[in-house]
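As structure tokens, the structure follows; a few thoughts come after it.
The values are calculated or read from the model by the stated rules, or taken from the named source; none is laboratory data. All figures in this text were calculated on a predicted structure; none of them were measured in a lab. FYI the Cβ positions are ideal-geometry reconstructions off the backbone, even for glycines, and counts take in every protein chain you see.
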Amino acid sequence: MSHALDGIRVLDFTHVQSGPTCTQLLAWFGADVIKVEKPGSGDVTRGQLRDVPGADSLYFTMLNHNKRSITLDSKHPEGKHVLERLVRHCDVLVENFAPGALQRMGFGWERIQQLNPRMIVASIKGFGPGAFEECKVYENVAQCAGGAASTTGFDDGPPLVTGAQIGDSGTGLHLALGIVAALYQRQSTGRGQRVLAAMQDAVLNLCRVKLRDQQRLARTGVLTEYPQYPNKTFGSAVPRSANASGGGQPGTIVKCKGWEGDPNAYLYFIAQAPVWQQICRVIGKEHWATDPDFCTPEARLPRLAEIFTAIESWTLTKTKFEAMAILNEHDIPCGPILSMEELVREPSLRATGTVVEVEHPTRGSYVSVGNPIKLSDSPTEVRRSPLLGEHTDEILAELGYGGAAIAALRAARVI
Ligand code: COA
């Protein structure tokens, strides 16, 4: 079967997590992704957090599926010639170097335009233009600078970063969409363009509900669905809201049976207004269905702590899966807290290809996420990540280099 991005060639100058997330998605949609890496070492993540001596780390393998790898010293004069050919050969260049690195290499936007006016140059940077644009940025820096950390955690604790890599993988997703949009526009203009996704911008985009709450707070001085309400005072900035729901339906995390010994025996419970009657029945508080203090969403807001305590008294008598089954019978939305251990075993995720098992020549079999986006006419087959420089000769041959020229590049340590 064909793939959505068949025929699109991507010069993948990305490293670590943010950029590789983006190019892996493009590869999963069928693009030919050529990962350019420094001879000898390659993407720094190949050797980071290693669990199998001598083998590419899971950090690398899980971010670089379905790509080809060419080693190339892009600062060497001969390496620059190869890079020029690659720029002419490809449709998209994706990079997430520190600010200015591509220009220092001699491949700024103007030069790339000269070489290939149809090329789309897509970049991830920590910050957009402005005071911080020269800064190097990693995941947690972006989470802090994008508003996630100041709004995550408990009221009486410090800001917290989240396990979801919204700064890196989140920005990679944003960039992938920008690239696909630019490819679409190129069909009518015939021109490439620059695509920029700044990590701070992406995190803020993902934190938009907190920007919403900032303005609600400024207008009304209070956030009635936050755990601080009604007993604590609000400051001028959106506070950390613990596990309160980000939407219009109150929710929180409650303990379930076995929580004393299992750190994940918890359930997210949403006290959705349309099913309030059912909630009252399930937790044995039938009288709350008609009590004026509880029967309307507005009346419940100052009493959410009491309500969730009562809900927890019920969930404590059930495991998270028992509670989930009962609640779903009544259409009450809830979410069990699933550990990575549970997710890795979940058969439905294997069946859909969201979790896949991949064979690798040096590390053996490992589990990874597959493509979370399913296209009915472009199925994803996850192929292992390339070894360092595995496709160097093959790609150089496609660029027109003969055997002797390749040998000369190797002898000069350009590849
Ligand atoms: N051949 C020769 N040189 C190469 C090369 C190659 N194939 N690939 C990279 N290099 C060079 C770069 O040109 C750069 O050289 P320069 O500093 O002389 O210009 C150098 O390697 C290092 O690149 P850099 O991106 O600065 O890496 P770093 O390890 O210093 O910084 C980051 C890493 C992630 C902090 C930085 O790249 C960054 O801020 N990126 C943008 C934001 C981002 O994506 N962050 C999240 C990463 S998950």
ask   = Going through segment 230-246 one residue at a time, which ones are over 29 Å from the mean Cα position of the chain (by Cα) and either without any contact (Cβ under 8 Å) to a residue 12 or more places away in the chain or surrounded by 18 or more Cβ atoms within 10 Å (Cβ to Cβ) (or both)?
value = ASN231, THR233, GLY235
ask   = In segment 138-157, what residues are surrounded by 17 or more Cβ atoms within 10 Å (Cβ to Cβ) and under 14 Å from SER169 (Cβ atoms)?
value = GLU139, ALA142, GLN143, GLY146, ALA148
ask   = Inside segment 11-39, can you point out the residues that are surrounded by fewer than 24 Cβ atoms within 10 Å (Cβ to Cβ), more than 9 Å from the ligand (Cβ to nearest atom) and either modelled with pLDDT under 95 or within 19 Å of the chain's Cα centre (by Cα) (or both)?
value = PHE29
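Only one of these is of a type outside the set (A, V, I, L, M, F, W, C), touching a Gly at 6+ places or on another chain (Cβ under 9 Å) and farther than 18 Å from LEU26 by Cα: GLN113, GLN103. Name it. So that I can check it myself, show each step before the final result.
Values: GLN103 fails: touching a Gly at 6+ places or on another chain (Cβ under 9 Å).
Unique residue meeting the criteria: GLN113.
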task = Give the residue, chosen from ALA202, ALA198, that is surrounded by 14 or more Cβ atoms within 10 Å (Cβ to Cβ), closer than 26 Å to ARG240 by Cα, in contact with a strand residue (DSSP E or B) (Cβ under 6 Å, 6 or more places away or on another chain) and at pLDDT 95 or above.
result = ALA198
task = Could you check ASN116 against (1) surrounded by fewer than 17 Cβ atoms within 10 Å (Cβ to Cβ); (2) closer than 19 Å to SER74 by Cβ; (3) away from the ligand (no atom under 15 Å from the Cβ) and say which number it fails?
result = (1)
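When only residues in segment 343-390 that are in a loop (DSSP other than H, G, I, E, B) and β-branched (Val, Ile, Thr) count, which is surrounded by the fewest Cβ atoms within 10 Å (Cβ to Cβ)? Talk me through it step by step, then tell me what you get.
Initially, segment 343-390 is screened for residues in a loop (DSSP other than H, G, I, E, B), giving 346, 353-354, 361-363, 370-390.
Then keep just the ones that are β-branched (Val, Ile, Thr); that gives 354, 362, 373, 380, 382.
Values: THR354: 15, THR362: 11, ILE373: 13, THR380: 22, VAL382: 18.
Only one residue fits best here, namely THR362.
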note = Within segment 40-61, residues being crowded, with 20+ Cβ neighbours inside 10 Å, within 13 Å of the ligand (Cβ to nearest atom) and part of a loop (DSSP other than H, G, I, E, B) number 2
